[in-house]
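The structure under discussion appears below in the form of C-alpha cells.
The values are calculated or read from the model by the stated rules, or taken from the named source; none is laboratory data. Worth saying up front: this structure is predicted, and the values here are computed from it rather than measured. Every residue, glycine among them, receives a Cβ derived from its backbone with ideal geometry; neighbour counts consider all protein chains shown.
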Amino acid sequence: MFPANSPSPAQTKVTLVNRPDYREHYANSVQIRVSLWDFFLTFGTVNQIQPDEVEIQNVQGIYVSPQQAKALLNILQQNIAQYESTFGEIPLEPKAGGSGPQGSSIQ
C-alpha cells in the first residue's frame, strides 16, 4: 500500500497484437512435460479409432517458464470458478452411457 501523499504507480498500457502467423485451434487433449527450466504443453485432438483405441493428433507445442505456468494455473482457476458459478460444476468424467471422442477419461 502506498502512503496517502505519495503518487500511485502508473498503469502499464498493454496492447495485444496478433502476428501474421497467428492461428487458433481446438484442442481436447493437453499433455505436459516438465523440466527444471520449463513446461512443455502439447495441444491436440483425441479421435476414437475403435471402441478400445484412440488416436491423439498433436496440433501445437508451447514452452512456458515455471513462472508463466503458475500464472496460467492461477488465471485458469479464477476463470473456472467464474464459469462454474455461472453454469454449474464441470464434471471431469463423462456421464455413463455417453459417447464422445475423449473416451473414458479427460486427457
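Does residue 22 satisfy the criteria of being under 19 Å from the mean Cα position of the chain (by Cα) and in a loop (DSSP other than H, G, I, E, B)? It is true that residue 22 is under 19 Å from the mean Cα position of the chain (by Cα) and in a loop (DSSP other than H, G, I, E, B).
Pairs linking a residue in the stretch 37-64 that is loosely packed, with under 15 Cβ neighbours inside 10 Å to a residue that is aromatic (Phe, Trp, Tyr) and at pLDDT below 95, with Cβ atoms under 7 Å and 6 or more positions apart or on different chains, do not occur.
Checked against (1) closer than 25 Å to residue 21 by Cα; (2) among the aliphatic types (A, V, I, L, M); (3) in a strand (DSSP E or B); (4) without any contact (Cβ under 8 Å) to a residue 12 or more places away in the chain, residue 72 passes all but condition (3). In the stretch 1-17, the residues that are part of a loop (DSSP other than H, G, I, E, B) form Cβ pairs under 9 Å with partners that are at pLDDT below 65, at six or more places apart or across chains, as follows: 8/2; 9/2.
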